[in-house]
Amino acid sequence: MSNQNDQTEKLSDNERLKRESNFLRGTLSADIENDLTGGFRGDNFQLIRFHGMYQQDDRDIRAERAKQKLEPLHNLMLRARLPGGVITPAQWLAVDEFAEQDTIYGSIRLTTRQTFQYHGILKRNIKKAHKVLHRVGMDSIATAADMNRNVLCTSNPIESEVHQQAFEWAKKISEYFLPRTNGYAEVWLDGEKTEAIEQEPILSETYLPRKFKTTVVIPPLNDIDVHANDLNFVAIAEQGKLIGFNVLVGGGLAMTHGDTATFPRKADDFGFIPVASTMEVAEAVITTQRDWGNRSNRKNAKTKYTLERVGVETFKQEVEKRAGVTFAPSKPYEFTERGDRIGWVEGIDGKHHLTLFIENGRILDFPGKPLKTGCCEIAKIHQGDFRITANQNLIVAGVPADQKQKIEDIARAHGLISDELSAQRVDSMACVALPTCPLAMAEAERMLPDAVTELEVILAKHGIADESIIFRVTGCPNGCGRAMLAEIGLVGKGPGKYNLHIGGNRNGTRIPKMYRENISDEQIMQELDTLIGRWAKERNADESFGDFVIRVGVVAAVLDSARDFYV
Ligand code: SRM
Ligand code: SF4
């Protein structure tokens, strides 16, 4: 088979849709004005995704509305573009005000890709949402659909200088690979209609075959989970200065139940490049995937499947040819941790950074815990910026010493700091799932807090209450909560039912294997009680849960998931 996308196979309907969209405009402007339905029709349902929105409805009330012969309560989820998760206090206040006044749920939801989502915007308010973001220098372009998504960057600015450079690269990459069409401005910001014939020199008029995800990471912290991403730049620094990147290509976590042609996969190491070659290499990887990715079968369209089909070496050589570079052997580096450092740390520039733990990334005024008000109160006096982490937490970054106490007092008063927070809760994460996600098969965000409490009880019962296991839940096999890089990962199978995976590691470089299929919450906790009991008694010094279950043979290690994930 040719490396190029085989044009003899029937292209997926999304390819037609993109080609016919007039550079992502479709008939969106007319549809916004149509108040007969709260939703978008035909191709527009998909096209809004290229502009960072998804049409949703509240699944908790779907059946009841159908009984009353009402259409689902259509509304929009909007995902902002925020390279490296950096957001200023002024931006935060504008974001907060819109959530409060113009969304059904009133929340700001921090995501696993360092940005935030609004849930529940009615169609009549959607232009206002874009205008608010635009006014404060933000947008939602390319945060969904077949685009280079929000570019991640290690969050904590503790290594101030390297972090600043890495962040600049994340921003530059995000901006360079944005679509060039003026469609976003025309449709959502009432921008002037352009008469010029448009072109998409990098992405092409049919954009990418599938979503594409990029990161810039600073070892030893793998907080952004490189192996979930198509393209990763691992920062290599010498004497505190960035000298280049090791490039990792082809990670991704999604699969489909019952389809063994789909699987989570780690990224491959292509080698080292000097800083000056970064954009050329990024462009070469993206355009190779653009040209070689499968445009017929969307389930096999991501870079990870292109690499499996054409071979890693062939893909790498094509990147070298297109970029005009030769990869040098990778420079040594190690990932030693992944979670966020909750609490205060001091950066090498003497500034202080406070990481707030936000359970499930959901910022709302809960009874007795007014998190949303607390964040606003901090934003009103904060002189630095905020950073959203890829673990759905929030960093108040760049605080001068004399502001520390004031900010901590506000955070404590609003339930943003708790001395009772366990290591297990910090190491746990879930995707959104019900009620807003149309693809959810089981609960995730709403079941996580109680599941963690049960795990805490199990750990305490076995005398290891202060220890933790990386525990993640996703409501379906798409893997948004990155359960496929956890030591214990639950993957939704049906209401109250999950596949239980174990054997990932703490630094996020091993995919966990399925241990039990389609079991209930109660059965999961029984299984974990037994396994954690064994771990507490039989482990070697400093041996993590994920390493233990592999060493004693409870599951085999996944080494090459295309070949051993399902066997
Ligand atoms: Fe995701 C689709 C939420 C990170 C893999 N994801 C969705 C949708 C939009 C459902 C849909 O298509 O209608 C979910 C919206 C739920 C809701 O109500 O908000 C959704 N994904 C999320 C978020 C909000 C989860 C969270 O709790 O934070 C994350 C938003 C990230 C962002 O800001 O851009 C999110 N999604 C991820 C990740 C993790 C990551 O990137 O680090 C993955 C796995 C990594 C990967 O891509 O392999 C992920 N989401 C998917 C997939 C499967 C893609 C595939 O390769 O097949 C889908 C479905 C699809 O694209 O067809 C999906
Ligand atoms: Fe929805 Fe599935 Fe993603 Fe969870 S993993 S947010 S259920 S698509």
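Out of region 130-140, which residues are surrounded by 23 or more Cβ atoms within 10 Å (Cβ to Cβ) and within 16 Å of ligand 1 (Cβ to nearest atom)?
Quick first cut of region 130-140, residues surrounded by 23 or more Cβ atoms within 10 Å (Cβ to Cβ) only: 130, 133, 140.
Correct list: LEU133, SER140.
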(request) Identify all residues within region 62-97 that are in a helix (DSSP H, G or I) and surrounded by 20 or more Cβ atoms within 10 Å (Cβ to Cβ); write none if there are none. (result) PRO83, GLY84, GLY85, GLN91, TRP92, VAL95
(message) What's the total number of residues in region 468-480 that are in contact (Cβ under 8 Å) with a residue 60 or more places away in the chain, more than 8 Å from ligand 2 (Cβ to nearest atom) and touching a Cys at 6+ places or on another chain (Cβ under 8 Å)?
(response) 0
(request) Determine if region 522-538 includes at least one residue that is part of a loop (DSSP other than H, G, I, E, B) and buried (at least 16 other Cβ atoms within 10 Å of the Cβ). (result) no
(message) Could you check region 397-429 and list, in sequence order, the residues that are within 20 Å of the chain's Cα centre (by Cα) and of a type outside the set (Lys, Arg)?
(response) VAL426, ASP427, SER428, MET429
(request) Check LEU434, LEU459 and return the single one that is outside any helix (DSSP H, G or I), hydrophobic (A, V, I, L, M, F, W, C) and more than 17 Å from the chain's Cα centre (by Cα). (result) LEU434
(request) Could you pull out the residue among LEU203, LEU253 that is among the aliphatic types (A, V, I, L, M), at pLDDT 95 or above and within 16 Å of ligand 2 (Cβ to nearest atom)? (result) LEU253
(request) Kindly establish whether GLU359 is within 16 Å of ligand 1 (Cβ to nearest atom) and open to solvent by 30 Å² or more (accessible area, probe 1.4 Å). (result) yes
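Can you name the residue in region 324-340 that is of a type in the set (Asp, Glu) and open to solvent by less than 80 Å² (accessible area, probe 1.4 Å) and, of all such residues, is nearest to the chain's Cα centre (by Cα)?
Filtering region 324-340 for residues of a type in the set (Asp, Glu) gives 334, 337, 340.
Filter again for open to solvent by less than 80 Å² (accessible area, probe 1.4 Å), leaving 337, 340.
Working: GLU337: 18, ASP340: 15 Å.
The extreme case among them is ASP340.
In region 99-114, is there at least one residue being part of a helix (DSSP H, G or I), more than 16 Å from ligand 1 (Cβ to nearest atom) and either out of contact with any Leu (no Cβ under 9 Å at 6 or more places or on another chain) or in contact (Cβ under 8 Å) with a residue 40 or more places away in the chain (or both)?
Here is the first cut: in region 99-114, the residues part of a helix (DSSP H, G or I) are 99-102.
With the extra rule that they be more than 16 Å from ligand 1 (Cβ to nearest atom), the set shrinks to 100-102.
Next, only the ones that are either out of contact with any Leu (no Cβ under 9 Å at 6 or more places or on another chain) or in contact (Cβ under 8 Å) with a residue 40 or more places away in the chain (or both) stay: 100-101.
Yes, that holds for at least one residue.
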(request) Take region 437-456 and flag every residue that is among the basic types (Lys, Arg) and within 17 Å of the chain's Cα centre (by Cα). (result) none
(message) Just the residues that are under 22 Å from ARG338 (Cα atoms) and either away from ligand 1 (no atom under 16 Å from the Cβ) or outside any loop (DSSP other than H, G, I, E, B) (or both), please, taken from region 437-456.
(response) LEU448, PRO449, ALA451, VAL452, THR453, LEU455, GLU456
(request) Out of the residues in region 468-498 that are open to solvent by 10 Å² or more (accessible area, probe 1.4 Å) and more than 15 Å from ligand 1 (Cβ to nearest atom), state the one that is farthest from ASP60 (Cα to Cα). (result) SER468
(request) Could you run through region 344-374 and say how many residues are small (Gly, Ala, Ser) and in contact with a Leu (Cβ under 7 Å, 6 or more places away or on another chain)? (result) 2
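Residue by residue, here is whether (1) open to solvent by 10 Å² or more (accessible area, probe 1.4 Å); (2) under 27 Å from PRO72 (Cα atoms); (3) within 15 Å of ligand 2 (Cβ to nearest atom) holds:
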residue	(1), (2), (3)
GLN405	yes, no, no
GLU408	yes, no, no
SER422	yes, no, no
PRO438	yes, yes, yes
GLU445	yes, yes, yes
LEU455	no, no, no
HIS462	yes, no, no
ASP466	yes, no, no
(request) With the checklist (1) open to solvent by less than 30 Å² (accessible area, probe 1.4 Å); (2) away from ligand 2 (no atom under 16 Å from the Cβ); (3) modelled with pLDDT of 95 or more in hand, flag the one item LEU122 doesn't pass. (result) (1)
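The values are calculated or read from the model by the stated rules, or taken from the named source; none is laboratory data. Since this is a predicted model, take the numbers as computed values, not measurements. Note: ideal-geometry Cβ built from the backbone for every residue, glycine included; neighbour counts use all protein chains shown. Ligands, DNA and RNA are excluded from the accessible area calculation, which covers all protein heavy atoms including side chains. Shrake-Rupley method; radii C 1.70, N 1.55, O 1.52, S 1.80 Å.
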